[in-house]
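Right, one structure below, let's go through it.
The values are calculated or read from the model by the stated rules, or taken from the named source; none is laboratory data. A quick note: this is a predicted structure, and the numbers were derived from the prediction, not measured. Cβ atoms come from the backbone with ideal geometry, glycine included; neighbour counts cover every protein chain shown.
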Amino acid sequence: MRLGDLLAKHGVGMALPDSAEINDLFIFGVTDDSRDVRFGYLFCALPGATENGLAFCAQAAAKGAQAIAVPQDTRDEALGLSEFEREKIVVLRVPNVREFYARVAADFHSGRPATIASVTGTNGKTSSVCFLRDLWGEDGHNAFSLGTLGLQGRGRSHSNLEAGLTTYDAKTLHVMLGELERVHRVTHLAMEASSHALDQHRLAGVTFDAVGFTNLTQDHLDYHLSMEAYFQAKLRLFTEHLKADGVAVVNTRDPSGVQVAAAMRSKKIRVIAYGEAGSETELTVLERIPHVQGQTLKLSVFGTSYEVEAPVAGAFQAENILCALGLAVATGVPVDRAIAGIARLSPVPGRLELAAVLGNGAAVYVDYAHTPDALANVLQSVRPHVGAQRKLHVLFGCGGNRDPGKRPIMGRIAEELSDCVWVTDDNPRTEDPDAIRKQVLSGTTGAARITNAGPRREALERALAALRPGDVLVVAGKGHEDYQIVLERDAEGRPLQDSRGRAVTKKIPFSDARVIREIAAAI
């Protein structure tokens with residue numbers, strides 16, 4: 001690609017070099033990692049929380065970068081380039097390097113499935129995109145989902161690796177979109193969109209046929225700093241990435257969803273609203289009848305009543321089904337076929353997953369709930385499955401180096417909505433696990449039914465041993481994760497540090513569902 005063509009397409013607001021010679025330079029690739037630079041590449045120096053791409057401009061130059069994109073206000077001396085390199089390498093000063101990088105990456109890695117939809121929200125993204133994938137599959141499409149669980153076809157994961165990010169970096173994403181379309185003939189893709197990715201423009205260059213909004217509750221305030229900034233990041237999926245003729249599927253039971261729907265209607269975008277009975281929605285849950293294998297749903301869909309058996313439990317999963325249903329219809333699936341597909345949905349790993357039933361009939365569920373709202377939702381959803389005179393137990397912890405403000409809130413919610421609370425470790429990372437547990441417990445009354453249960457396996461052993469016939473235990477926080485992130489220590493138990501004096505963490509194998517089944521088998 002000629003540099004001049006690239007700048008003509010993406011150079012709005014940029015101080016462009018005015019030279020025919022520069023415009024005729026060829027660019028053979030783009031990257032944000034100086035280690036991946038090859039002859040003739042464009043290196044984009046992205047700002048970062050821990051490392052700044054400007055520190056790697058000299059390395060990119062040494063490896064053959066033809067051009068370097070940097071923030072608009074970058075001084076020459078900050079680039080670390082020699083006088084000779086400054087004469088040879090084109091420096092592009094860009095208003096938003098992240099967005100510029102994503103759009104250029106889309107040029108170099110073209111192609112995408114014919115139909116793409118995306119879902120954002122604090123909770124429910126993973127279930128919604130998995131359900132949508134299944135509904136598309138029931139309609140005969142080659143459909144995949146992409147997000148927290150990685151790349152998945154129906155009932156099968158296509159990666160053995162932890163996804164790491166809910167939404168991938170720009171280059172990885174565009175490479176995957178092209179490969180899925182050209183090589184694997186995927187026609188329909190359902191994607192999760194995280195607030196971090198939207199704020200960091202990782203989705204720049206991607207437009208969607210339909211987008212969904214599930215809810216907005218407290219999370220990620222360590223990054224966004226305020227709920228308003230968090231909401232505005234989510235809103236970008238609708239204002240910047242939805243096609244002009246696309247459809248917004250919005251949970252208007254949620255106050256933020258009402259704002260999203262109003263914003264879309266003001267732009268003449270079609271909105272399909274969903275929610276509970278009594279709300280003015282096109283998709284409504286009229287009644288839920290919980291049972292052992294899931295729930296019977298009585299629905300109103302565009303004014304017509306339906307009854308369907310859903311093989312998943314929980315009120316929040318009923319809402320996620322509505323989100324998927326709306327997106328399926330918005331992307332061309334006939335209503336009757338989409339409704340019929342609900343009965344054949346696959347359970348979502350770690351999303352109210354039935355991990356074990358003990359010999360005495362007590363049930364143990366695993367769920368990814370790791371925010372106050374998600375914990376409240378899962379406990380309220382499971383309560384109808386608890387028999388009369390039986391107890392609802394919850395075991396959970398809070399992650400280290402993440403929003404500490406939610407810890408006492410989650411402790412309070414657990415006490416209010418369950419009968420027995422077991423506070424344990426989640427992913428402590430570099431924090432003291434016991435200190436995190438005490439912060440969670442500070443939000444409770446300290447009643448006898450609330451236990452500081454220690455490390456996670458020990459806590460699971462104690463909680464399962466306490467279950468009586470007909471009790472239900474919800475193990476919350478880690479869901480599908482098959483690891484724990486803990487502080488790495490030397491042979492004498494002292495915390496290890498890297499060359500910059502920062503604490504070092506490591507992943508150790510730990511799957512809630514697997515450990516629960518091991519303990520259950522031994523009881």
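Take Gly477 and decide whether it is at pLDDT below 95 and either crowded, with 18+ Cβ neighbours inside 10 Å or closer than 18 Å to Ala362 by Cα (or both).
Judged against the criteria, Gly477 is not a match.
Hey, does region 62-71 have a residue that's touching a strand residue (DSSP E or B) at 6+ places or on another chain (Cβ under 8 Å), within 16 Å of Leu7 (Cα to Cα) and among the small types (Gly, Ala, Ser)?
yes
If you check every pair at least six apart or on different chains, which have Cβ atoms under 7 Å apart with a residue in region 80-93 that is more than 22 Å from Val104 (Cβ to Cβ) and in the same structural domain as Ala58 (by TED's automatic domain parsing) first and a residue that is of a type in the set (Gly, Ala, Ser) and part of a strand (DSSP E or B) second?
Close Cβ pairs (under 7 Å, with a partner that is of a type in the set (Gly, Ala, Ser) and part of a strand (DSSP E or B)) do not exist here.
State whether the residues of region 279-292 include one that is among the small types (Gly, Ala, Ser) and either over 26 Å from Thr331 (Cβ atoms) or part of a loop (DSSP other than H, G, I, E, B) (or both).
yes
Out of Ala273, Ala313, which single residue is of a type outside the set (Lys, Arg), touching a Leu at 6+ places or on another chain (Cβ under 9 Å) and assigned to a loop (DSSP other than H, G, I, E, B)?
One residue alone meets the criteria, Ala313.
Given the options Asp498, Asp471, Asp490, name the one that is out of contact with any Asp or Glu (no Cβ under 8 Å at 6 or more places or on another chain), charged (D, E, K, R) and buried (at least 16 other Cβ atoms within 10 Å of the Cβ).
So the residue among Asp498, Asp471, Asp490 that is out of contact with any Asp or Glu (no Cβ under 8 Å at 6 or more places or on another chain), charged (D, E, K, R) and buried (at least 16 other Cβ atoms within 10 Å of the Cβ) is Asp471.
Checking His241 against (1) within 18 Å of Glu319 (Cβ to Cβ); (2) touching a residue at least 40 places away in the same chain (Cβ under 8 Å), which single condition isn't satisfied?
If we test His241 against (1) within 18 Å of Glu319 (Cβ to Cβ); (2) touching a residue at least 40 places away in the same chain (Cβ under 8 Å), just (1) comes out false.
State the number of residues belonging to region 392-448 that are in a strand (DSSP E or B) and more than 21 Å from the chain's Cα centre (by Cα).
Residues meeting the conditions: 9.
Mind listing whichever residues of region 87-110 are closer than 15 Å to Ala170 by Cβ and not in a helix (DSSP H, G or I)?
Within region 87-110, Val94, Asn96, His109, Ser110 qualify.
Any idea how many residues of region 194-212 are at pLDDT below 95 and more than 17 Å from Ala105 (Cβ to Cβ)?
Total meeting the criteria: 4.
Restricting attention to region 276-316, and to residues there that are at positive phi and surrounded by 14 or more Cβ atoms within 10 Å (Cβ to Cβ), which single residue is farthest from the chain's Cα centre (by Cα)?
So the residue we want is Gly294.
Only residues in region 507-523 that are in contact (Cβ under 8 Å) with a residue 24 or more places away in the chain count as the first member; pair them with residues that are assigned to a loop (DSSP other than H, G, I, E, B), Cβ under 6 angstrom, at least 6 apart or cross-chain, and list the lot.
If the second residue must be assigned to a loop (DSSP other than H, G, I, E, B), the pairs left are Ser511/Asp482; Asp512/Lys478; Ala520/Leu358.
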